[in-house]
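Structure first, commentary second.
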Amino acid sequence: MPVWLLLPALAVLVPMFAYPLYQLGLLSLFDYGQPQVSGGEPARFVGAGNFSTLFADPAFWTVLGQTVVFAAGCVVVTLALGAALAVLMTRIGKLARTMLSYAALTAWAAPAMTGSVVWMFLFDSNLGLVNEVLGLDGYNWLYDRTVAFALVGAVVVWHSFPFVMITLYAGIQAVPPSVLEAAALDGAGAATAFRRITVPMLRPLIAIVVIQSIIWDFKVFTQIYVMTRGGGIAGQNMVLNVYAYQKAFASSQYGLGSAIGIVMTLILLVVTLLYLRALRRTGEVL
Amino acid sequence: MRRRVADTVAILVALVTVFPIYWMVLSALKPTGEILSADPRPWTLHPTLDHFRSALGVSGFGRYFLNSLVVALAVVALSALVAFLAAVALTRYRFRTRSTILVLFLIAQMVPVEALSIPLFFQIRDLGRTVPGVGLNTLGSLVLVQLAFSLPFAIWMLRGFVAAVPPEVEEAATMDGASRFTILWRILFPLIAPGLAATSVFSFITAWNDFLFAKTFIISATENQTLPAALLVFFKPDENDWGGIMAASTLMTVPVLVFFVFVRRRLVSGLGGAVKD
């Protein structure tokens, strides 16, 4: 086994990733607050105490529920839009294609921070262009929970559909024309060829796109944090990631924040393992 | 006819997609009076660089810009090198722990980075006491952390590109007497360049966009601050200086755009290369 090829990666990942993760697990079992950080008091082992506090708190279940709905909504819209546009890309003229791919690249390249800030400006209650055009002067888009989530969701989709679109389009282009010609000779129509040949050949790529979208959208942080100013009015737009961060840094409950982080990691772990199993069943090997 | 409808839809989507960026650049160039006007127009007849001047001058964005660039480029270079070696090991060699390592890399991408900032803060603090240059308040600490978080995805993605190179190429080179080292750098490395370009985009963005670690690690040394955290300085809950915010946002977006356009061709062909045939 070529150990030396893996050594540089391990030299970075073990101390900077694996060890902090272990520390995160450890912290989630302790009562670790401001007095412990400053060294005033020793950390107190509470076992599963943080987790039972969390599970007994109705606020946690609300946040968990809206995180799942928000992430699922973003994933579905992103994938549907990205896939539809990827197919559209194969049916349009050169000028339209160039314009669409450059526009998508622009949205993709925009940092989450600047994207959030620009959309906030567009939807500003008083100076925003959207309210001006719609004649909704003074309407606050962040006041209602659902509307605020929809707005943040739109920014997330705007940032992430280009990855899906460009990846799938590149994949469709990479299908050898000879295969499609053979199918056409055998009497397959364009739709059949697409469904029976292109889609199955793209399966590994689709898998990457789906897993990545789930992972990214479940962990949205910057957009929520910046646009709803740390979780919305009275925390109504909190998602798990922001919730963990606020518990740790705003209320100095580092142990509790770590416990939320552990819960999130486990949820994503289950999702990915289910997906890997489904992949393996279709004959894909890792 | 059908083609024309499709073209129109595509162009409309393109315009809507690019509009926020256009509005950002436009607002950065508008005089403050026009931004505050109740009748915003999608153009300006009096472009001004005032907002950029104040962002770069008074607010010191030039320095933050440079810091961000140094961190991002260091992460891209190191990540490409380390990920390439690991991807070769995980593609070209079969060993017992291979699948386990691959699954671990996938799992690593799921870890909520925000939660890890707690243990990492204490770790970076302690590390800085023994190794100068990577402790709190240094750009080195950001490079180290961003490198770690960009690696799992980079390795996962590069694997596909290495797998796409037929092993016969290397076998032929071995027959011709090339050493392992030569094969790695002179043959494999150039062949997966498109993949490296695609991967670099992700590493660059991870590093360039990060504001959490910059905020957590750079506490007192404001001269080592990076762009995203510095942008928050402009952001005031009630009286936002939108012109300044848009100028700073433009400064932060342009390098990524340039980088993207630069690698665009390789990016598309690279991602296509991940399809098996």
Q) Which of the chymotrypsin sites (Phe, Trp or Tyr not before Pro) across the stretch A:32-84 are loop residues per DSSP, with 14 or fewer other Cβ within 10 Å? A) none
Q) Leaving out same-chain residues fewer than 8 places away, which lysines sit with a Cα under 19 Å from that of residue A:219? A) A:247, B:215
Q.
Let me check against my output: what whole-number percent is the relative contact order of the stretch B:24-119, with C-alpha pairs under 8 Å and at least 6 apart?
A. 17 percent
Q) If the viscosity is 1.002 mPa s and the temperature 20 °C, what Stokes-Einstein diffusion coefficient in µm²/s follows for the stretch A:48-281 when Rh is the Kirkwood radius over Cα pairs? A) 107 µm²/s
Q | Positive-end residue of A:182, A:215, A:51, charge dipole of the stretch A:48-281 with Cβ unit charges | A | A:182
Q. Among B:36, B:46, B:26, whose Cα sits farthest toward the positive end of the charge dipole of the stretch B:1-48 (+1 at Cβ of Lys/Arg, -1 at Cβ of Asp/Glu, about the Cα centre)?
A. B:26
Q. Quick one: putting +1 on the C-beta of Lys and Arg, -1 on the C-beta of Asp and Glu, what dipole do you get for chain B around its Cα centre, in Debye to the nearest 20?
A. 720 debye
**Q.** Per-residue mean of C-beta atoms belonging to partner chains within 10 Å, peptide A:165-176
**A.** 5
Q: Report the residue, chosen from B:243, B:33, B:135, that carries the largest GNM mean-square fluctuation when chain B is represented by alpha-carbon nodes joined by springs under 10 Å.
A: B:33
(Q) Can you give me the long-range amide H partners of residue A:30? Hydrogens built in the peptide plane at 1.01 Å from N, cutoff under 5 Å, separation of 5 or more residues or another chain. (A) A:46
Q) What average count of beta carbons from other chains do you get within 10 Å of the Cβ of residues in A:21-28? A) 4
Q | In sequence order, calculated HN-Hα J values of the stretch B:2-7 (Karplus, 6.51, -1.76, 1.60; Hz; x Gly/Pro) | A | 4, 4, 5, 4, 4, 4
Q: Go through A:234, A:102, B:101 and say which Cα lies farthest out towards the positive end of the charge dipole of the protein assembly as shown; charges sit on Cβ, +1 for Lys and Arg, -1 for Asp and Glu.
A: B:101
**Q.** Listed residues A:203, B:4 arranged by accessible area, highest first, probe 1.4 Å
**A.** B:4, A:203
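By the gyration tensor of its Cα atoms, with a ≥ b ≥ c the square roots of the eigenvalues, what is the shape of chain B: rounded for a/c under 1.5, prolate for a/b over b/c, or oblate?
It comes out oblate by the Cα gyration axes.
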Q: In debye, nearest 20, what is the charge dipole magnitude of the protein assembly as shown about its Cα centre with +1 on Lys and Arg Cβ and -1 on Asp and Glu Cβ, if you could check?
A: 1420 debye
Q.
Sort A:236-243, A:182-189 by the packing proxy (mean of other Cβ within 10 Å over each peptide's residues), most packed first.
A. A:236-243, A:182-189
Q: Set the Förster radius R0 to 22 Å, insert the Cβ-Cβ distance between residue A:95 and residue A:180 as r into 1/(1 + (r/R0)^6), and round the FRET efficiency to 0.05.
A: 0.35
**Q.** Charge dipole magnitude, Cβ of K and R +1, D and E -1 - the stretch B:1-48, Cα centre, debye nearest 20
**A.** 300 debye
Q: Quick one: among B:72, B:115, B:197, which has the greatest mean-square fluctuation in a GNM of chain B with alpha-carbon springs under 10 angstrom?
A: B:115
Q) Ranked from the most accessible area to the least, with a 1.4 Å probe and all protein chains present, what is the order of B:30, B:215, A:219, A:94? A) A:94, B:215, A:219, B:30
Q. When the Karplus curve 6.51 cos²θ - 1.76 cosθ + 1.60 is applied with θ = phi - 60°, which whole-Hz ³J(HN,Hα) does each residue of the stretch B:29-45 get, with x for Gly and Pro?
A. 9, 6, x, 3, x, 6, 5, 7, 5, 6, 10, x, 10, x, 8, 9, 9
Q) How do B:170, B:223 rank by accessible surface area computed with a 1.4 Å probe, from largest to smallest? A) B:223, B:170
Q) Build a GNM of chain B with springs between Cα atoms under 10 Å: which of B:52, B:95, B:161 gets the top mean-square fluctuation? A) B:95
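The values are calculated or read from the model by the stated rules, or taken from the named source; none is laboratory data. Please read these numbers as outputs of a predicted model, since none were measured by experiment. Every residue, glycine as well, gets a Cβ built from its backbone with ideal geometry; the counts of neighbours run over all protein chains shown. Keep in mind that these areas ignore ligands, DNA and RNA; they rest on the heavy atoms of the full protein, side chains included. Shrake-Rupley method; radii C 1.70, N 1.55, O 1.52, S 1.80 Å.
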